[in-house]
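**Student:** Have a look at the structure that comes next, please.
The values are calculated or read from the model by the stated rules, or taken from the named source; none is laboratory data. These numbers come from a predicted model, not from an experiment. All Cβ positions, even for glycine, are placed from backbone atoms using ideal geometry, and neighbour counts span all protein chains on display. SASA here: full protein model, heavy atoms, side chains in, ligands and nucleic acids out. Shrake-Rupley method; radii C 1.70, N 1.55, O 1.52, S 1.80 Å.
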Amino acid sequence: VSWLVFLFTISIVLISLVPVIFPALFSETFFKTELDGFGITSYNLEPFELGGLAATLIITNIIVFVIFALFKNKITWQEKIKSFTKFQISQKVALILVVIILIGYVSVSYSDVGFGMPIGGHGEVYDDWDRLKHKLANMQNIWPEQITSFDPHFKHILLKISERIFENYFVIPFFSSIGLLIITYLFTNKITDSRIAGLLSMLLVLQSNLFLTFDTSAAFASFWTLFYLLSLYFIIKIWPLTPVFYVLSILSKILTAFFAPMSIFFILNSDVSKQRKIILTVIFLAIIVIGISVSTTQTNIGLEWNSDEFWLGFTAFAFQMRLDVMFVIFLLPLTVGLFIISKNNRYSNSILILLAGTLLSAPLVTGLTDMTNQPYRFLPLVVFFSVGIGMLFANRKTI
């Protein structure tokens, strides 16, 4: 299983990294206009021109893998790593550190929420917010009338509640970002049995440019990522809550419907009883069937496969994550590292699938629909990457 998961994930990772090295390769190969049908080329780009991160990516990965190859058999080096990963801190100390981190984050980001401004006065610059604000202002109540559509109804409800209680649309999205940091710590701690790993993962998410860009955004609130991560966490912790939070994630962002196969793999690979695995798998399969039924009978959404758009979708990672350099250049070493520790931690395979599935969601969106890829949709990738790094520094046996 580990080999199959690794081969699948590394294939997706390598394809996603190609546009980082050659930004124009996929667009020149797969993008076609009406003029191309008449043999007229509207523009000409060099498909093998190197991208801005190409040299950094290649050199860094070569250094990482060379160091690993040279020292993998050195006993002293291995013992130092093992001594570090065995180091643990108390629950009280971890709680204090989590509180300190959150206080630091809140103190810096508090002003971005726009307290004291008129409703909707937050400095959100996205066109999507203008449309969403108009829709929310015209809602007669917090309950949507057409629940069969694929609008993010629960997201709208939460934003409306934020406006009703705080007279500010951006407070609950801010709370959601705080909650995402907390659940990242709890989730990593749970699957690694290491509080240090949880703190490391939490800090990695916190320093992400993507996270800090949308942490107080109402138009691109992190509700869906928070609820999806909660659904994974409750598989291990309080399993009956798992389907509830997964459905809430879909009602906050339809994109998480594509994550159902990833959740099923996580369930089957988790350390829970066989009976719970069967129950949860059946429930998730039922959710998939209901979703397909609703999409084909109750909505106007049309799914049409376009292979060219599918391959173009892989360019989204290189473009949307270009400011989160660390996540780009260390994605391949992380993939290999998770495979190496898969013999000690069963959840490394699950994180690999979550990474591959998140990367694959962008091509699937463009290949099946007429939607475009936006940067905030890679927030789950930031979280899963951070969890994976935490696992590498908590090489504990959780088989």
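**Student:** Is it the case that residue 287 is touching a residue at least 40 places away in the same chain (Cβ under 8 Å) and either buried (at least 16 other Cβ atoms within 10 Å of the Cβ) or over 16 Å from residue 361 (Cβ atoms) (or both)?
**Tutor:** Criteria met by residue 287.
**Student:** Which one of these does residue 213 not meet: (1) surrounded by fewer than 23 Cβ atoms within 10 Å (Cβ to Cβ); (2) at pLDDT 95 or above; (3) out of contact with any Phe, Trp or Tyr (no Cβ under 6 Å at 6 or more places or on another chain)?
**Tutor:** (2)
**Student:** Still on this structure, please answer the following. For region 325-340, which positions are within 20 Å of residue 51 (Cβ to Cβ) and open to solvent by 10 Å² or more (accessible area, probe 1.4 Å)?
**Tutor:** Answer for region 325-340, where residues must be within 20 Å of residue 51 (Cβ to Cβ) and open to solvent by 10 Å² or more (accessible area, probe 1.4 Å): 325, 326, 329, 330, 332, 333.
**Student:** Also: Open to solvent by 10 Å² or more (accessible area, probe 1.4 Å), in a helix (DSSP H, G or I), of a type in the set (A, V, I, L, M, F, W, C) and modelled with pLDDT under 95, is that true of residue 165?
**Tutor:** It is true that residue 165 is open to solvent by 10 Å² or more (accessible area, probe 1.4 Å), in a helix (DSSP H, G or I), of a type in the set (A, V, I, L, M, F, W, C) and modelled with pLDDT under 95.
**Student:** How many of the residues in region 347-377 are within 13 Å of the chain's Cα centre (by Cα) and either farther than 15 Å from residue 324 by Cα or open to solvent by less than 10 Å² (accessible area, probe 1.4 Å) (or both)?
**Tutor:** 12
**Student:** Return the residue satisfying two criteria in turn: it lies in region 134-162 and is among the polar types (S, T, N, Q) and assigned to a loop (DSSP other than H, G, I, E, B), and of such residues it is modelled with the highest pLDDT.
**Tutor:** 138
**Student:** If the Cβ limit is 7 Å and pairs must be 6+ apart or interchain, which residue in region 3-18 that is at pLDDT 95 or above pairs with which residue that is among the β-branched types (Val, Ile, Thr) and open to solvent by less than 20 Å² (accessible area, probe 1.4 Å)?
**Tutor:** If the second residue must be among the β-branched types (Val, Ile, Thr) and open to solvent by less than 20 Å² (accessible area, probe 1.4 Å), the pairs left are 9/335; 10/335; 13/335.
**Student:** Taking residue 231, is it under 18 Å from the mean Cα position of the chain (by Cα) and without any contact (Cβ under 8 Å) to a residue 40 or more places away in the chain?
**Tutor:** For residue 231, the condition - under 18 Å from the mean Cα position of the chain (by Cα) and without any contact (Cβ under 8 Å) to a residue 40 or more places away in the chain - is met.
**Student:** Quick one: in region 217-273, which of the residues that are farther than 25 Å from residue 172 by Cα and among the polar types (S, T, N, Q) is most open to solvent (accessible area, probe 1.4 Å)?
**Tutor:** It comes out as 273.
**Student:** Still on this structure: Restrict the check to region 318-334 and report whether at least one residue is within 16 Å of the chain's Cα centre (by Cα), assigned to a helix (DSSP H, G or I) and under 19 Å from residue 187 (Cα atoms).
**Tutor:** Yes.
**Student:** Against the condition at pLDDT 85 or above, under 21 Å from residue 367 (Cα atoms), among the aromatic types (Phe, Trp, Tyr) and open to solvent by 70 Å² or more (accessible area, probe 1.4 Å), how does residue 311 come out, does it pass?
**Tutor:** In short, yes.
**Student:** Now for a separate question. Looking at 180, 204, which one is within 23 Å of residue 266 (Cβ to Cβ) and open to solvent by less than 10 Å² (accessible area, probe 1.4 Å)?
**Tutor:** Exactly one of 180, 204 is within 23 Å of residue 266 (Cβ to Cβ) and open to solvent by less than 10 Å² (accessible area, probe 1.4 Å), namely 180.
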